[in-house]
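Structure first, commentary second.
The values are calculated or read from the model by the stated rules, or taken from the named source; none is laboratory data. These figures come from a predicted structure and were not determined experimentally. So basically every Cβ, Gly included, is an ideal-geometry build from the backbone, and we count neighbours across all protein chains shown. These area figures cover heavy atoms from the full protein model, side chains too; ligands, DNA and RNA do not enter into them. Shrake-Rupley method; radii C 1.70, N 1.55, O 1.52, S 1.80 Å.
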Amino acid sequence: MIKARITVTLKNGVLDPQGKAIEGALGALGFDGVGSVRQGKVFDVEIQGTDRAGAEADLKAMCEKLLANTVIENYSIAIP
Amino acid sequence: MKSAVVLLPGLNRDRDMIAALTRISGTAPLTVWQTETQIPAVDLIVIPGGFSYGDYLRCGAIAARMPVMRAVAEKARQGVMVLGVCNGFQILLEAGLLPGALMRNTSLKFVCREVKLEVANAGTAFTRNYSQGQIIRCPVAHHDGNYFADAETLARIEGQGQVAFRYAEGTNPNGSINDIAGIVSERGNVLGLMPHPENLIEAAHGGADGRALFESALGIAA
């Protein structure tokens with residue numbers, strides 16, 4: 001079993017209203033040092049088998065086809 | 001003119017859309033379930049609004065990967081007219097049939113109200129019964145209608161007259177870039193828009209400003 005973590009984040013320059021709202025809420029809690037907050041998504045995916053290269057290729061295809069909208073989002077794949 | 005309405009789990013404006021198409025064209029549209037891989041010969045395919053797949057992952061993302069959307073894409077490629085309203089617009093973007101993306105409203109609030117729209121291009125097959133620059137009323141009801149495209153894409157769609165509708169008179173409800181409310185494909189046979197023209201087609205709705213969109217698409221003279 002190969003365990004992977006996919007992180008999807010908004011591209012630079014894409015406005016993130018939810019991140020802005022969270023940033024404001026952190027300020028309201030008294031965290032004065034927060035420069036900015038960007039919200040993203042994390043997917044933990046388990047791939048059957050031990051073929052690491054094959055899994056990486058599959059995970060990349062999953063990101064391109066479904067998990068990320070590459071118009072507005074970047075993704076990264078980590079296999080520890 | 002024959003029409004078809006695509007049905008997916010979680011859509012909830014399908015009955016309004018079917019009623020509007022039936023009332024305006026005089027014939028009930030066919031309905032096509034998400035698992036269908038073929039769509040019968042029709043002149044107009046409509047993807048209605050709602051919350052397909054509970055808006056999981058991203059609005060329209062999962063619906064856009066269902067078999068019926070491959071059939072819709074094939075029909076669009078053949079030149080059949082395709083209309084996506086609200087969640088239908090989100091699905092068309094996720095399916096890659098229109099450029100750009102729809103993001104969370106800048107207010108972070110679900111907005112349900114009437115807005116004003118400017119007909120930004122009255123030369124499309126969906127807008128020809130309006131006049132250029134005409135201001136119409138139209139209801140909106142959405143949480144993720146904030147249109148975004150990168151600078152290059154935006155310049156292209158603006159330059160090619162692909163913006164069909166803009167929010168007018170300061171009524172932009174979602175922060176959409178350039179006040180964009182609806183866009184057509186490069187070829188002009190696919191329209192996606194966030195507002196709901198199907199909910200303003202007769203006096204009982206309080207107005208009929210949305211009717212001309214369907215009459216345009218269905219080839220009914222003004």
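So that you can scan it fast, the table gives a plain yes or no per residue for (1) in a helix (DSSP H, G or I); (2) among the small types (Gly, Ala, Ser):
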residue: B:Pro40; (1), (2): no, no
residue: B:Gly60; (1), (2): no, yes
residue: B:Val82; (1), (2): no, no
residue: B:Gly88; (1), (2): yes, yes
residue: B:Gly96; (1), (2): no, yes
residue: B:Lys109; (1), (2): no, no
residue: B:Arg113; (1), (2): no, no
residue: B:Glu118; (1), (2): no, no
Point to revise | Unmet criterion (only one of (1) away from every other protein chain (no Cβ under 14 Å); (2) closer than 20 Å to B:Gly123 by Cβ; (3) not in a helix (DSSP H, G or I)) for B:Glu158 | key: (3)
Study note, to complete from the structure: Reported set for the range A:38-69 where residues are of a type outside the set (Lys, Arg), within 14 Å of another protein chain (Cβ to nearest Cβ) and surrounded by 13 or more Cβ atoms within 10 Å (Cβ to Cβ) is A:Gln39, A:Gly40, A:Phe43, A:Val45, A:Met62, A:Cys63, A:Leu66, A:Leu67, A:Ala68, A:Asn69
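Looking only at the range B:127-146, how many residues end up being under 16 Å from B:Arg113 (Cα atoms) and not charged (D, E, K, R)?
The total comes to 9.
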**Study point:** Any chance B:Ala125 is over 28 Å from A:Lys20 (Cα atoms), touching a helix residue (DSSP H, G or I) at 6+ places or on another chain (Cβ under 8 Å), away from every other protein chain (no Cβ under 14 Å) and open to solvent by 20 Å² or more (accessible area, probe 1.4 Å)
**Key:** yes
Point to revise | Residue that is farthest from B:Asp43 (Cα to Cα) [pool: residues in the range B:68-99 that are open to solvent by less than 10 Å² (accessible area, probe 1.4 Å) and among the β-branched types (Val, Ile, Thr)] | key: B:Ile91
**Study point:** Subset of the range A:12-37 (residues that are surrounded by fewer than 15 Cβ atoms within 10 Å (Cβ to Cβ) and either among the charged types (D, E, K, R) or more than 13 Å from every other protein chain (Cβ to nearest Cβ) (or both))
**Key:** A:Leu26, A:Gly27, A:Ala28, A:Leu29, A:Gly30, A:Phe31, A:Asp32, A:Gly33, A:Val34, A:Gly35, A:Ser36
Review point. Restricting the range B:83-112 to residues that are in contact with a Ser or Thr (Cβ under 8 Å, 6 or more places away or on another chain), more than 11 Å from chain A (Cβ to nearest Cβ) and among the aliphatic types (A, V, I, L, M), which is farthest from B:Met17 (Cα to Cα)?
Key: B:Leu97
Exercise for review: Inspect all residues belonging to the range B:146-167 and state whether any of them is under 28 Å from B:Ala221 (Cβ atoms), without any contact (Cβ under 8 Å) to a residue 12 or more places away in the chain and in contact with a helix residue (DSSP H, G or I) (Cβ under 9 Å, 6 or more places away or on another chain).
Suggested key: no
Revision key, fill the gap. Among the residues of the range A:26-50, the number that are farther than 17 Å from B:Arg58 by Cα and without any contact (Cβ under 8 Å) to a residue 40 or more places away in the chain is 12
